[in-house]
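The values are calculated or read from the model by the stated rules, or taken from the named source; none is laboratory data. It should be emphasised that the depicted structure is a prediction, and the values quoted were computed from it without experimental measurement. Reconstructed Cβ throughout: ideal geometry from the backbone, glycine too, with neighbour counts over all protein chains shown. What goes into the accessible areas is simple: the full protein's heavy atoms, side chains included, and nothing from ligands, DNA or RNA. Shrake-Rupley method; radii C 1.70, N 1.55, O 1.52, S 1.80 Å.
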Amino acid sequence: MQLFNAMTRSFFLKIVCFTTLLSFLPYTGLGLYSLIQVKSLSNRITEEQTRTAIDGVLAQKLALLEKEAELNQAEFTRIETALNLLQKQAEYIFAFPKPDSGARIALKQTREGYLAYPDSRNASLFLSSAASPSARLRTDLEVAVQLEPLLKEIPRSEPSVKAAFFCFSESGFLIYPPINVEYEVSLGQLPPDLRVQNYEFYYIADAAHNPGKGVIWTRPYEDLTHWKWVVTASTPVYLPNGQLRGVLGIDFPLDHIVDKFLSLTFSEPNAFAFITGEQGQLIASNQSKSGHTVSTHSMHGLFDSDGRLVHPVREAGAKTKGVRKIPSAKGDAYLLFAAIPNSGWTMNFYVREADIAEPIITQATKQTDMQLKNFIFQLLFFLVVGAILLVLFSYRFSRTVTEPVKRLTTAIKKSGEGYYRQQIEVTSRDEIGNLTHTFNWMSHTIQQLISELKKRADQLEEKVGERTRDLQTANERLMEMYDRLKHSEHARSELIVQISHDLKTPLTSIKGYLQALAAYELTPEKEEEFLRTVLARTNHTIQLIDDLFELSSLEIHASALQKEWLTLDFLLDYALDMAIKEAEELNIEVHTDYPPDLPLIFVDPAKMNRALVNILGNAIKYSRKKELIRIHIVCYEENGQVVAEITDNGMGISEENMKNIFSMFYREPKAKEVNRTGSGLGTSIAKKIIEKHGGEISIATTSDVGTTIRIVLPCGTEAEESVV
């Protein structure tokens with residue numbers, strides 16, 4: 001600790017220690033760096049190249065495997081399509097037989113006891129000696145011969161197909177191309193007393209094995225003729241009564257797939273291809289290439305003693321293609337697989353991981369040697385650069401004494417000129433470093449004092465500005481309030497004059513009728529008439545007061561709307577019912593046109609009902625002289641708004657009076673002429689309610705023809721954002 005303190009305070013010790021460390025640390029660091037770098041680089045190159053190569057090889061081989069599986073799948077699909085067509089034709093001709101249209105079958109019996117047509121050396125029809133020919137069988141044979149064109153066409157259109165045949169339950173079959181039965185019997189391949197029920201290509205299609213009556217593929221087997229190993233696609237033929245009449249089949253040679261697939265060559269020495277069945281049993285391998293004598297003992301332990309895969313690739317719910325890593329006696333290996341769904345087969349590649357990795361490891365070793373050579377050149381380069389840096393750092397360190405002194409001298413001169421913001425970098429902890437730190441502290445303190453004074457001055461100026469702006473705002477508000485009070489006083493004066501006039505008329509009338517009732521003895525009929533008139537004038541006065549109250553509440557901003565989401569057609573129907581009930585004695589015909597997908601609007605139901613009742617009530621009231629009052633209401637959506645148009649056939653409004661229709665206490669002169677009572681506030685109230693909901697109202701009219709009221713209200717988010 002004492003040595004460290006002495007070093008921080010002595011220039012001489014600093015130079016000695018700095019030069020020593022600068023000499024040894026770079027070389028030590030370069031040596032450690034070289035060992036770590038070479039080892040890390042070698043491992044990384046080997047791992048990355050091995051992984052990349054393995055992935056690339058597996059992806060390439062899997063693509064080849066998938067392509068082979070797709071080609072075979074397409075071939076199996078074409079065979080199944082042809083067999084389905086043949087099945088439909090066979091069931092049809094047996095359901096609707098036409099024996100007269102078929103050829104007469106003349107079966108020839110040989111000394112072995114079997115029957116052939118047309119002869120035993122070119123037989124398209126074979127009947128086992130175990131069969132007992134009957135009249136029904138001969139008839140069915142003649143019917144079945146009608147399948148001859150389709151049976152002939154299948155081998156012609158599909159060169160890979162060996163034969164297409166139709167097996168009878170009586171141990172006989174119709175086959176194309178024809179076979180040399182005599183030759184096959186002489187070789188022992190085709191038993192003359194054949195029983196087709198004992199062979200998989202027949203019984204696999206019966207009801208017990210094939211309840212769905214579709215196409216089923218057999219396992220590989222050695223054919224009865226000289227075609228050797230084949231797989232057969234079989235499908236049943238049923239009579240209309242549900243009886244199995246026979247089996248249709250198409251023979252597909254195993255060599256067609258096996259020879260093409262297993263002839264593939266691999267660059268990996270231990271890789272090979274093989275085919276497995278639906279249960280994982282080995283069908284063929286390019287290590288054996290014979291579908292019935294494949295040896296599983298030499299195939300790297302892939303198969304168990306029963307000839308099935310130890311590591312199945314097509315488990316329940318598993319993929320039909322992919323790559324699977326499996327352990328083996330000689331290290332990990334990869335099993336690539338792609339399924340042929342129609343036949344249930346799986347095409348496989350087996351590739352050892354070591355076969356792919358070994359060339360990469362060899363290449364990585366070469367690259368490591370190259371890296372070592374490059375490192376030697378880099379080390380020499382760093383040594384030269386280190387020597388140059390040592391000289392430069394020594395020179396630089398010698399200036400650590402003079403440079404701080406120069407900076408201090410310059411800073412003191414600027415401070416004398418009034419520049420106090422400068423801060424000198426402290427590069428050491430010795431005396432010069434302490435002096436630099438003290439100077440920075442002094443400059444910082446002076447700068448803080450100056451900043452504080454400026455800040456206080458700015459705050460004072462800002463407060464004066466705020467007070468000035470507050471006074472201006474208060475003055476503007478007072479002027480605005482004064483204008484509102486003047487306007488309110490003027491409106492109040494006009495309202496009082498109008499109310500006085502509108503209340504004086506009905507009250508004077510009520511007073512006159514009441515005085516007449518009190519002063520004169522009237523007949524009961526006259527008294528009842530006067531009382532009805534008084535009641536009507538009283539109701540009119542009450543309605544006028546209610547309208548004035550509603551209008552006043554709408555003028556007050558505190559009268560908040562209680563909004564809900566509703567449809568405009570619902571509000572119109574409800575208001576229409578109320579308006580019609582008040583005029584039940586009239587003949588009113590209403591037509592409405594509402595779209596089914598009318599959007600919702602955000603409104604106060606009570607307020608909006610009041611507006612709509614006022615509008616509909618006016619439509620009925622000013623149409624009373626008509627024998628039939630017609631009201632037509634249309635709703636629709638337009639530019640994100642809901643529009644309602646209410647049309648009547650009333651007296652209409654004259655063009656010169658249209659501008660006053662929404663004014664308070666205004667009534668159309670024609671309404672007064674025909675003695676229609678009213679306060680003149682209905683349209684004003686409706687307009688204010690609709691405008692408070694962010695909507696618009698307008699009127700189009702023709703005198704003595706009718707009037708159309710158009711109401712526009714916002715819908716969706718626009719309704720929520722509307723200002724009350």
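So, in the range 557-585, exactly how many residues are farther than 15 Å from V643 by Cβ, open to solvent by less than 90 Å² (accessible area, probe 1.4 Å) and touching a Leu at 6+ places or on another chain (Cβ under 9 Å)? Count: 6.
Does N43 satisfy being assigned to a helix (DSSP H, G or I), at pLDDT below 80 and under 46 Å from the mean Cα position of the chain (by Cα)? So that I can check it myself, show each step before the final result.
Details: assigned to a helix (DSSP H, G or I): yes; at pLDDT below 80: yes; under 46 Å from the mean Cα position of the chain (by Cα): yes.
For N43, the condition - assigned to a helix (DSSP H, G or I), at pLDDT below 80 and under 46 Å from the mean Cα position of the chain (by Cα) - is met.
Checking each residue in the range 594-638 for being among the hydrophobic types (A, V, I, L, M, F, W, C) and assigned to a loop (DSSP other than H, G, I, E, B) picks out L598, L628. Being more than 14 Å from K688 (Cβ to Cβ) and surrounded by fewer than 22 Cβ atoms within 10 Å (Cβ to Cβ) is the filter here; which residues of the range 607-619 pass it? If the condition is that a residue be more than 14 Å from K688 (Cβ to Cβ) and surrounded by fewer than 22 Cβ atoms within 10 Å (Cβ to Cβ), then N609, V613, G617 are the ones that fit. Of the residues making up the range 46-79, those that are within 19 Å of I340 (Cα to Cα), open to solvent by 40 Å² or more (accessible area, probe 1.4 Å), in contact (Cβ under 8 Å) with a residue 60 or more places away in the chain and more than 32 Å from the chain's Cα centre (by Cα) are L64, Q73, T77, R78. The sole residue among V185, V143 that is open to solvent by 20 Å² or more (accessible area, probe 1.4 Å) and touching a Phe, Trp or Tyr at 6+ places or on another chain (Cβ under 9 Å) is V185.
Do we have H591 as under 19 Å from A686 (Cβ atoms), open to solvent by 50 Å² or more (accessible area, probe 1.4 Å) and either in a helix (DSSP H, G or I) or out of contact with any Phe, Trp or Tyr (no Cβ under 8 Å at 6 or more places or on another chain) (or both) here? Can you show your working first?
On the way: under 19 Å from A686 (Cβ atoms): no; open to solvent by 50 Å² or more (accessible area, probe 1.4 Å): yes; either in a helix (DSSP H, G or I) or out of contact with any Phe, Trp or Tyr (no Cβ under 8 Å at 6 or more places or on another chain) (or both): yes.
No.
Return yes or no: is E75 within 30 Å of L335 (Cβ to Cβ), modelled with pLDDT of 85 or more and either out of contact with any Lys or Arg (no Cβ under 8 Å at 6 or more places or on another chain) or part of a loop (DSSP other than H, G, I, E, B) (or both)?
Values: within 30 Å of L335 (Cβ to Cβ): yes; modelled with pLDDT of 85 or more: yes; either out of contact with any Lys or Arg (no Cβ under 8 Å at 6 or more places or on another chain) or part of a loop (DSSP other than H, G, I, E, B) (or both): yes.
Yes.
Given A123, A164, A135, A207, which one is surrounded by 19 or more Cβ atoms within 10 Å (Cβ to Cβ), within 22 Å of F94 (Cα to Cα) and of a type in the set (G, A, S)? A164 is the lone residue from the list that is surrounded by 19 or more Cβ atoms within 10 Å (Cβ to Cβ), within 22 Å of F94 (Cα to Cα) and of a type in the set (G, A, S). Being in contact (Cβ under 8 Å) with a residue 60 or more places away in the chain and either in a loop (DSSP other than H, G, I, E, B) or within 25 Å of L115 (Cα to Cα) (or both) is the requirement here; does V231 meet it? When the stated conditions are applied, V231 does not pass them.
Is there a residue in the range 249-270 that is aromatic (F, W, Y), under 47 Å from the mean Cα position of the chain (by Cα) and open to solvent by 10 Å² or more (accessible area, probe 1.4 Å)? Yes: one or more hits.
Summed over the range 335-352, the residues that are open to solvent by 10 Å² or more (accessible area, probe 1.4 Å) and either touching a helix residue (DSSP H, G or I) at 6+ places or on another chain (Cβ under 7 Å) or among the basic types (K, R) (or both) give a count of 5.
Annotation: of all residues in the range 204-228 being in contact with a helix residue (DSSP H, G or I) (Cβ under 9 Å, 6 or more places away or on another chain), of a type outside the set (D, E, K, R) and over 17 Å from F165 (Cβ atoms), the one that is modelled with the lowest pLDDT is P220. In summary, Q197 fulfils each of the numbered conditions (1) assigned to a strand (DSSP E or B); (2) within 27 Å of L150 (Cβ to Cβ); (3) open to solvent by 10 Å² or more (accessible area, probe 1.4 Å) with the single exception of condition (1).
Could we say that I340 is modelled with pLDDT under 85, β-branched (V, I, T) and closer than 29 Å to Q49 by Cβ here?
Numbers: modelled with pLDDT under 85: yes; β-branched (V, I, T): yes; closer than 29 Å to Q49 by Cβ: no.
It is false that I340 is modelled with pLDDT under 85, β-branched (V, I, T) and closer than 29 Å to Q49 by Cβ.
Looking only at the range 198-207, which residues are under 55 Å from the mean Cα position of the chain (by Cα) and either free of Cβ contacts under 8 Å to residues at least 12 places away in the same chain or closer than 14 Å to G249 by Cα (or both)? Listed by number, the residues that qualify are Y199, E200, F201, Y202, Y203, I204, A205, D206. Residue pairs whose Cβ atoms lie under 6 Å apart, sitting 6 or more positions apart in sequence or on different chains, and linking a residue in the range 208-225 that is in contact (Cβ under 8 Å) with a residue 40 or more places away in the chain to a partner that is part of a loop (DSSP other than H, G, I, E, B) and crowded, with 21+ Cβ neighbours inside 10 Å, are W217/S343; P220/G291; L224/L190. The set of residues in the range 599-655 being within 15 Å of L568 (Cβ to Cβ) and in contact with a Gly (Cβ under 7 Å, 6 or more places away or on another chain) consists of P599, G640. Only residues that are crowded, with 19+ Cβ neighbours inside 10 Å and in contact with a Phe, Trp or Tyr (Cβ under 7 Å, 6 or more places away or on another chain): list them for the range 146-157, please. Once the filter is applied, which keeps residues that are crowded, with 19+ Cβ neighbours inside 10 Å and in contact with a Phe, Trp or Tyr (Cβ under 7 Å, 6 or more places away or on another chain), the range 146-157 yields L147, L151.
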